[in-house]
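Contents: one structure, followed by commentary.
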Amino acid sequence: MLKLSVLFKVAFFLLITLFTGKGTSQTFQTADRKAINKAQLLAQHLSALSGHGILFGHQDDLAYGMGWAYEEGKSDVKKITGDYPALYGFDLGHLELNSTYNLDSVPFRKIREYIKRVYGKGGVITLSWHANNPFNKRSAWDIDSSTVASILPNGSNHYLFREWLHTIAIFLKSLKTGSGEVIPVLFRPYHECTGNWFWWGKSACTDEQFKELWKFTFRFLTQTEQVHNLLYVFNTADFSTAEDFERRYPGDAYVDVVSFDAYQNSALPDAKKAFIATTQQKLLLLTSFAKEHKKLSAIAEIGFENIPDTNWWTGTFYSIIKDYSINYILTWRNGGLKKATGKWQFQPSYSYFTPTKENASATDFIRFKNIEKIIFQQKLTALKIYQ
Ligand code: BMA
């Protein structure tokens, strides 16, 4: 058994080395023409892996999980599978307010430490940003149709928003190794942009306003702030046609990765069938778009809350993605913390997206992890994608 798995690892590594063509000149044109070498390498390696390997990711994996928070080396993914994810998501929400911890109470100081550790192991980092609403000063979900117009150039909140982006830029530039090397990041701002629930969403601003916001953000970060460690991830919620997917796409010059988010909401057989069919349809559109526009592609969030399906990982999830050349997928956070009686407290009733030991899909999650094409930390470390 052991020998066989070692053999698989070696075979996998050789296969990938062949396909990534180390030493040959792979080209992936990053949107930021001044992107640091490590960001270029990340993009090129992901691009070379297309069709051969899919990175598995988990949000807040090292920070907390079901029943624990901030315990050294702990990870719910590792607890079940014996390995860490290859991709780690964290959120920047409330950094714009100069808060020392994010909207889910994770200290930015800790996020920075985790990012250093992940990069040290050859892992990949992705950052989302549940920014507060800069117009009404309430949460990301508090929509107001005046918001985006107010932060674009000439809007009443434009200078406030520049300050917010400046704060984000300082943090992004501060992501460095001990020897001062800047760490590349897959940056996913203004996510689920075809949904109706965020202030940058479909019901809150026009497609043109959204594109302007994206382009302004890109130019501000790359030109004004000289942030050069980012690959830009465009992300939608549901869409049914190519036009629908593209309506808010700001253009090839501003994007490195195209992606969508997809969640299964019911275990009923018909709902499961529909989830498989619609997600595959979206993958078909996404991957054709990515190919045509020479972009990377991903399902930036996918999952089934509390995974009430014994074979979900291989039976539903892998069966959906296996024939599509996406580069990565990310599952959302497990559990969380909430301020109660003045203190941050763990909320055991919170939902989870990777299994606990007791969860029905735990064994299947291990089967999923062992699929050759699926990349967790150990395989990724062996690939040395930053070299
Ligand atoms: C959402 C939920 C929220 C959380 C936010 C940012 O999907 O998980 O509870 O605050 O993401 O992580």
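The values are calculated or read from the model by the stated rules, or taken from the named source; none is laboratory data. Note that this is a predicted model, so its numbers are computed, not measured. FYI the Cβ positions are ideal-geometry reconstructions off the backbone, even for glycines, and counts take in every protein chain you see. Protein only, heavy atoms only, side chains kept; ligands, DNA and RNA dropped before computing areas. Shrake-Rupley method; radii C 1.70, N 1.55, O 1.52, S 1.80 Å.
Per-residue answers, yes or no, for (1) surrounded by fewer than 22 Cβ atoms within 10 Å (Cβ to Cβ); (2) at pLDDT 95 or above; (3) within 16 Å of the ligand (Cβ to nearest atom); (4) under 17 Å from Leu87 (Cα atoms):
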position	(1), (2), (3), (4)
Thr310	yes, yes, no, no
Asp323	yes, yes, no, no
Asn327	no, yes, no, yes
Pro348	yes, no, yes, no
Glu358	yes, no, no, no
Ser361	no, yes, no, no
Ile371	yes, yes, no, yes
Thr381	yes, yes, no, yes
Filter segment 275-308 down to the residues that are surrounded by fewer than 18 Cβ atoms within 10 Å (Cβ to Cβ) and closer than 23 Å to Pro355 by Cα, then identify the one that is nearest to the chain's Cα centre (by Cα). Glu305
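Name the residue, out of Gly73, Gly51, that is open to solvent by less than 40 Å² (accessible area, probe 1.4 Å), in a loop (DSSP other than H, G, I, E, B), more than 15 Å from the ligand (Cβ to nearest atom) and in contact (Cβ under 8 Å) with a residue 12 or more places away in the chain.
Gly51
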Pairs returned, first residue in segment 116-131 that is farther than 14 Å from Lys38 by Cα, second residue that is of a type in the set (Lys, Arg) and within 16 Å of the ligand (Cβ to nearest atom), beta-carbon separation under 8 angstrom, 6 or more apart or interchain, are Thr126/Arg188; Leu127/Arg188; Ser128/Arg188; Trp129/Arg188
Based on what the data block shows, is Tyr84 of a type in the set (Phe, Trp, Tyr), touching an Asp or Glu at 6+ places or on another chain (Cβ under 8 Å), away from the ligand (no atom under 16 Å from the Cβ) and open to solvent by 10 Å² or more (accessible area, probe 1.4 Å)? yes
Among the candidates Tyr119, Tyr159, single out the residue that is of a type in the set (Phe, Trp, Tyr), more than 20 Å from Tyr232 (Cα to Cα) and either in contact with an Asp or Glu (Cβ under 7 Å, 6 or more places away or on another chain) or open to solvent by 10 Å² or more (accessible area, probe 1.4 Å) (or both). Tyr159
Could you tell me whether any residue of segment 141-151 is within 22 Å of Asp104 (Cα to Cα) and open to solvent by less than 50 Å² (accessible area, probe 1.4 Å)? yes
Test: Leu62 is touching a strand residue (DSSP E or B) at 6+ places or on another chain (Cβ under 9 Å) and either within 16 Å of the ligand (Cβ to nearest atom) or open to solvent by 10 Å² or more (accessible area, probe 1.4 Å) (or both): yes
From the list Lys110, Lys137, Lys79, exactly one residue is under 29 Å from Gln387 (Cβ atoms) and among the charged types (D, E, K, R). Which is it? Lys110
Whichever residue in segment 76-93 is assigned to a strand (DSSP E or B) and touching a Leu at 6+ places or on another chain (Cβ under 6 Å) and, among such residues, is nearest to Gln59 (Cα to Cα): Gly89
Give Arg162, Arg138 a once-over and let me know the one that is among the charged types (D, E, K, R), outside any helix (DSSP H, G or I) and either touching a residue at least 12 places away in the same chain (Cβ under 8 Å) or within 16 Å of the ligand (Cβ to nearest atom) (or both). Arg138
Evaluate segment 109-116: report whether one residue or more is in a helix (DSSP H, G or I), crowded, with 21+ Cβ neighbours inside 10 Å and under 16 Å from the mean Cα position of the chain (by Cα). yes
Out of the strands (runs of 3 or more DSSP E) lying entirely within segment 169-270, which hold 1 or more residues that are over 17 Å from Thr30 (Cβ atoms) and open to solvent by less than 10 Å² (accessible area, probe 1.4 Å)? 230-236, 257-264
